[in-house]
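The values are calculated or read from the model by the stated rules, or taken from the named source; none is laboratory data. All figures in this text were calculated on a predicted structure; none of them were measured in a lab. Note that we place each Cβ from the backbone using ideal geometry, even for glycine, and neighbour counts take in every protein chain shown. The area values use the complete protein model at the heavy-atom level, side chains included, leaving out ligands, DNA and RNA. Shrake-Rupley method; radii C 1.70, N 1.55, O 1.52, S 1.80 Å.
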Amino acid sequence: MKSQSKSETEVGAGPLRKLKADRSTLWIMIPVLMGIILLLNLSMPERPALPTSADHARWLDRDLRPHISLAFDDPVPFMGWADDALADHAISTRRMGTLIWVRIDGPGDWIQQPWPGQPRAAAALGTLDLAGWDAVVNRIIGIDGASPRSHPQFAYQALAARFESAMARTPQAEPVRLFEGVQRTLKRELNGALDSTATALPLLERMALENLSPRWNTQLADAIQSITYNEFSTWQTP
């Protein structure tokens, strides 16, 4: 009887040991699988937070209203072509210095067509075909000259322009408090400039035309934030 009982116990213990082994393997595999999933998520391509940079061209691939802007010395040939070829697109213009930006609203499926003219710069917002964007970039002829906005003193100049305007509106305000308010407002505006179509497109156009860094707006915001009122007052003193 003892022998029979021992045999039955051993027979019954076999599946139990197997079940314990399976559970042990499962607890080992769970973190391994979680690690694989995390690795796959990290390796998935993401839309860039900063504009794609080429010579006199900036493209921000973000879920905003799509636009393509081209800067011309003379936009008439392009506009003449666009009147027919892009009749279903809203087109507007904006002058920047001696150049005129032609803004084409909507998808950029037309950019590989044989449109006339050579733009000085190009800016784009929203999802585009990469091959089409390359075709635009290859047609850009650029413009000479360094941008004054890349100069270290530009942060002071930007502050001064906004500060003097605020002082003119509120001459009784305490200068230090007014300066701090202007500083905060400028920093907030610059850091959020790429978050909406209304502000992103003009910024991309400026970046493209003057070959500014894709981080130019946030770098300027940091530079403005670092300036003290005493430093600003000293800079303003002739």
Computed accessible area, S165, all protein chains, 1.4 angstrom probe, square angstrom: 50 Å²
Work out the charge dipole of region 132-233 with +1 on the Cβ of Lys and Arg and -1 on the Cβ of Asp and Glu about the Cα centre, then indicate which of L204, F163, V136 is farthest towards its positive end. F163
Using just the C-alpha positions of region 173-238 as equal point scatterers, what log10 of I(q)/I(0) does the Debye formula give at each q in 0.21, 0.22, 0.24, 0.26 1/Å? -0.88, -0.92, -0.99, -1.06
Determine the order of I227, I141 by accessible area, beginning with the largest, at a probe radius of 1.4 Å. I141, I227
Cβ crowding within 10 Å averaged over residues, with 177-183, 122-128 ranked highest first: 122-128, 177-183
Taking a probe of 1.4 angstrom, what is the accessible area of W81 in Å², to the nearest 10? 50 Å²
Roughly how many Å² of L203 are accessible to a 1.4 Å probe, to the nearest 10? 20 Å²
Dipole check, region 60-189, charges on Cβ (K,R +1; D,E -1), about Cα centroid: among L86, V176, P75 the Cα furthest to the positive pole belongs to V176
So the carbon and sulfur contribution to the accessible area of region 95-185, 1.4 Å probe, in percent, is 52 percent
